[in-house]
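See below for the structure under consideration.
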Amino acid sequence: MSRERIVIVGAGFAGYQAARTLSRQLRGRAEIVLLNPTDYFLYLPLLPQVAAGILEPRRATVSLPGTLPRVRLVLGEADHVDLEAAKVHYTGPEGAGGELPYDRLVLAVGSVNKLLPVPGVAEYAHGFRGLPEALYLRDHVTRQIELAATSADPAESAARSTFVVVGAGYTGTEVAAQGKLFTDALVRNQRRGPYGHRPGKPRWMLLDIAPRVLPELDRRLSTTADRVLRARGVEVRTGTSVKEAGPAGVTLDTGEFVETRTLVWCVGVRPDPLVSEIGLPVERGRLCVDAQLNVPGHPEVFACGDAAAVPDLTRPGEYTPMTAQHASRQGTVAGRNVAASLGHGERRTYRHNDLGFVVDLGGVKAAANPFGVPLSGPAAGAVTRGYHLAAMPGNRVRVAADWLLDAVLPRQAVQLGLVRSWTVPLESSSPELARVPGGPGKE
């Protein structure tokens, strides 16, 4: 008699936790298949440190085969979910198609870069949702400082030393904070160029249409982050955004033109387009589910994380926000409820109060409010790094070792040349994969 098959689509925070929970709950009593474009779970909060040269790229990843026993990994991108036939159709990494029949389905496809109809942004901006984008940004920033040092034109040198980040949420704030420290160190290490000058002091701008940085967080965290950024020399422009982008710079909605070769797009995320294509009710692109993460009318289908509009039982009438904290805990509940639907354990409803938030601002600086207690300075830095080590499902020793080495040794400022700008387009349904001309993939 064949075992029932559970297919989990996506191995982000929600999908990884669902797979791990099911592996522990069922212990081989059902077949668990995890469909994902890569063979690793990416711990997204550490990406800014990868871009800033603090962590080596693999430190932010956790091997799926190495940490998920009794789970079969299938490499591929889901193209279509056939609810009537109970199959998931996908494209493999080398272009071959395939399908996975299922008895239970967990949709945890996550999110992609949020796009706005701003002229030139799709062509000249880059997002920050995947490892290829972080690697590209590290190379790009390093290259701009090196080219600025050898330019005979002071205006060109200044433009190459100017970096514009749009979006002052978690990601944008951390990218700007870490990036400023990184480029300051690059400039200090530059020898005088052939024209007898070093590049000027790097200019970082952080823009957001909101009235303050980190608008989704407690005002005290916002104030701490704003103070650290400004003291470091980052130009924080609230109530401001980009009106148009081009090869030579960006035009702000104030009418000001900023010459730059770097535009980092961190305005937020949107649910993976696959969710809206299934044909089930959605809420702003997120699949509607009940408090047990089940899709109404389809007892065999569950959804969690950024792909799901989960009722917030702590705030009636609202949905849980798209955060890693909610995604990982929803993944655990989804795993338990899938197991319960197969007769193992009892169902649970999803209810979670935020335990607090942490924002790494580089060096010993951070902003944190564990259990509602606001912290700043070294204490917040220690809590932030401790939180990340506790939240990572693996690779903790290597991450801690890189942090220690960064504290005592200078960073290696070299370009690897592995990721080119055209391989990491802003408009991509799979930011975890670098695009290759002629290769498989969908935009």
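The values are calculated or read from the model by the stated rules, or taken from the named source; none is laboratory data. Keep in mind that what you see is a predicted model, and the values were worked out from it rather than measured. Neighbour counts run over all protein chains shown; Cβ positions are idealised from the backbone, glycine included. Areas reflect the complete protein model, heavy atoms only, side chains present, ligands, DNA and RNA absent. Shrake-Rupley method; radii C 1.70, N 1.55, O 1.52, S 1.80 Å.
Computed values, structure above
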{"item": "Amide H partners (placed H, <5 Å) of K243, local residues excluded", "result": "T251, L252, D253"}
{"item": "For the chain, with +1 on Lys and Arg beta carbons and -1 on Asp and Glu, the positive-most of V250, A334, L105 along the dipole", "result": "A334"}
{"item": "Size of electric dipole in the range 222-372: Cβ of Lys, Arg +1 and of Asp, Glu -1, about Cα centre, debye, nearest 20", "result": "440 debye"}
{"item": "Cα-based Rg of the chain normalised by 2.2 N^0.38 Å, two decimals", "result": "1.00"}
{"item": "Extension gain from D184 to E277, taking 0.36 nm per residue of separation minus the Cα-Cα distance", "result": "28.9 nm"}
{"item": "Calculated FRET value between S421 and H80, using beta carbons and R₀ = 25 Å, to 0.05", "result": "0.25"}
{"item": "Full-stretch length increase - A340, Q325 - with 0.36 nm per residue and alpha-carbon distance subtracted", "result": "3.1 nm"}
{"item": "Estimated vicinal HN-Hα couplings, Hz - the range 12-25 in sequence order (Karplus 6.51, -1.76, 1.60; Gly, Pro = x)", "result": "x, 4, 6, x, 5, 5, 4, 5, 5, 5, 5, 4, 6, 6"}
{"item": "Gain upon complete extension [R219, V364; 0.36 nm per residue less C-alpha separation]", "result": "50.1 nm"}
{"item": "Computed magnitude of the charge dipole of the chain (debye, nearest 20; Cβ of K, R +1, Cβ of D, E -1)", "result": "1560 debye"}
{"item": "Over the chain, relative contact order from alpha-carbon pairs under 8 Å, at least 6 apart, %", "result": "20 percent"}
{"item": "Lysine pair number, Cα distance threshold 18 Å (strictly under), the chain, separation 8 or more or different chains", "result": "4"}
{"item": "Fraction of accessible area attributable to carbon and sulfur, the range 285-428 (%, probe 1.4 Å)", "result": "57 percent"}
{"item": "Kirkwood-based Rg to Rh ratio, the range 90-196, C-alpha trace", "result": "1.14"}
{"item": "Residue-by-residue Karplus 3J(HN,Hα) for the range 384-389, coefficients 6.51, -1.76, 1.60, Hz, glycine and proline x", "result": "4, 5, x, 4, 4, 5"}
{"item": "Rough spin-label spacing in nm, given labels placed 7 Å along Cα→Cβ, for D290 and E99", "result": "2.9 nm"}
{"item": "Modelled label reach - R348, point 7 Å along Cα→Cβ, the range 286-309 residues with backbone N closer than 14 Å", "result": "292-293"}
